[in-house]
Every structure is written in C-alpha cells, then in structure tokens.
Amino acid sequence: MAQTSATSVHHETAADKTRKLTKMALCVALLAISAYISFPLPFTPAMVTAATIIVNMTAFILKPNDAFLVILAWLLIGAAGMPVFPGGSAGLGRLIGPTGGFYVSFVIAAWLMSKLLNGSNSFKKMVFLGIAVGMPVIYVGGCISMYLVAHMDVWATLVAAVFPFIFGDVVKVVAGAFLATRINALLKSNG
C-alpha cells in the first residue's frame, strides 16, 4: 500500500481576499497621510517623517509580498505626481533625488522585515527586526542616494542620512510594532 502525503492547501475565499486588499489599501492610505507629518532638519535634505512608523507597521501586519506591493504602490502614486511623499511632495524627481534612496529602500526593508517576522505577533521580535534589519536597509539606501546625488563624502553622508535619525527611528520602530501587535490581535479576534 503506497502512502500518500496529504498537503493542506488553503484557498483564499472572496472574503479573505477582500480583507487582504482592504488592509493593503488602508496601509497605502496611512502611508500617504503619515508622510504629511514631517519636518525638515536644517543640515540635511532628509526629513523626519511619521511615514517610517507606517512602513514598519505595514511590514509587521502584512505578508512579505503584500507589504512590498503596498510600499511600491505608494512609490508609484507619488512618482505619478500625487503629493504623498514626506512634506506633501511628489514626482519622480523625489525618487531620483538625494533622499530617494530612503523611499526606495522602504520597499526592501518592509519585505525583509515581514519575511523574517514570518507571521509572528511578538512585539520584541518586531522591534528587533525593525532596528536590526529595517533601519540599516533604509539607511544604506538613503546613504547611497545622498552620496551619489548630493556628491557628499562618506562622513558628510553619515552625518546627513544616519546619525540625526537613529534615536527617532528607534522610537518609530517601537511605535510601529506597538500598533502592529494591537492590529494583529484585533484582526485575529475578529476572525
């Protein structure tokens, strides 16, 4: 008698798809809105923005490909001219300018954090991934664009793209993880 392995295949129902797309659409909207909560620093072209909280939260509540698509949709909407980037800015120039590397790296960071989180709702794991994975990926992207576009040397790039943001970004990772754990628990309890 031959043994067969039965694999459980989960087919998404229409309700599951609707819930997933609604979560994704809300994340895009929150990302666009949170980008308006921004302020410039006098010594760098990069802005302090609440969008980073939502990037983290998105990574922590969505599956990797969904998180990737949310951030990509936000980038495309902004590149097309809708004022959804920090400070209400828009346009392709923002993505190829000195701060564009930050925005583009949001896509990679969100996908990686979500992938490594692997569906966990652990606050500590989220904070760890945000600090150890998300922040470095975003900083590398921001440093690359500032270095190449603004023609800054390495030290000036670190001073403009990393050092002034570390403390605030840790706080934003914690805020994103806090929101995500609450949202995940709420969604799980509501089926």
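Footprinting exposure proxy ranking of Met57, Met146, Met135, fewest other C-beta atoms within 10 angstrom first, gives Met135, Met146, Met57.
What length, rounded to one decimal in nm, is gained on full extension from Ala29 through to Val159, with 0.36 nm per residue of separation minus their alpha-carbon distance?
Values: separation 130, 0.36 × 130 = 46.80 nm, distance 3.12 nm.
Here the answer is 43.7 nm.
Summarising the overall dimensions of the chain from its C-alpha atoms, the Rg and Dmax are 18.0, 75 angstrom. Only Cα pairs under 8 Å and 6+ residues apart enter the sum, and on that basis the relative contact order of the chain stands at 23 percent. Footprinting exposure proxy ranking of Thr49, Thr181, fewest other C-beta atoms within 10 angstrom first, gives Thr181, Thr49.
Each residue of the range 75-87 is assigned a 3J(HN,Hα), and the resulting list reads 4, 5, 4, x, 5, 6, x, 6, x, 10, 8, x, x Hz, derived from the Karplus form 6.51 cos²θ - 1.76 cosθ + 1.60 (θ = phi - 60°), x at Gly and Pro. Placing unit charges on the Cβ atoms only, positive for Lys and Arg and negative for Asp and Glu, gives the chain a dipole magnitude near 500 debye about its Cα centre. Using a Förster distance of 22 angstrom, determine the FRET efficiency expected from the C-beta separation of Val171 and Asp16, and round it to 0.05. FRET efficiency, Val171 to Asp16: 0.05. Computed from backbone phi with θ = phi - 60° and the Karplus coefficients 6.51, -1.76 and 1.60, the 3J(HN,Hα) list for the range 134-146 is x, 4, x, 4, 5, 5, 4, x, x, 5, 4, 5, 5 Hz; x is used for glycine and proline. Taken one residue at a time, the phi angles of the range 46-58 give Karplus couplings (6.51, -1.76, 1.60, θ = phi - 60°) of 7, 9, 7, 9, 6, 4, 4, 4, 6, 4, 5, 4, 4 Hz. Gly and Pro are set to x. With the convex hull drawn around the C-alpha atoms of the range 53-136, the volume per residue stands at 77 Å³.
Values quoted throughout were computed directly from the atomic coordinates according to the rules given, and no laboratory measurement underlies them. If you're wondering where the values come from, they're calculated on a predicted model, not measured in any experiment. Cβ coordinates were reconstructed from backbone atoms using ideal geometry, including for glycine residues, and neighbour counts include every protein chain displayed.
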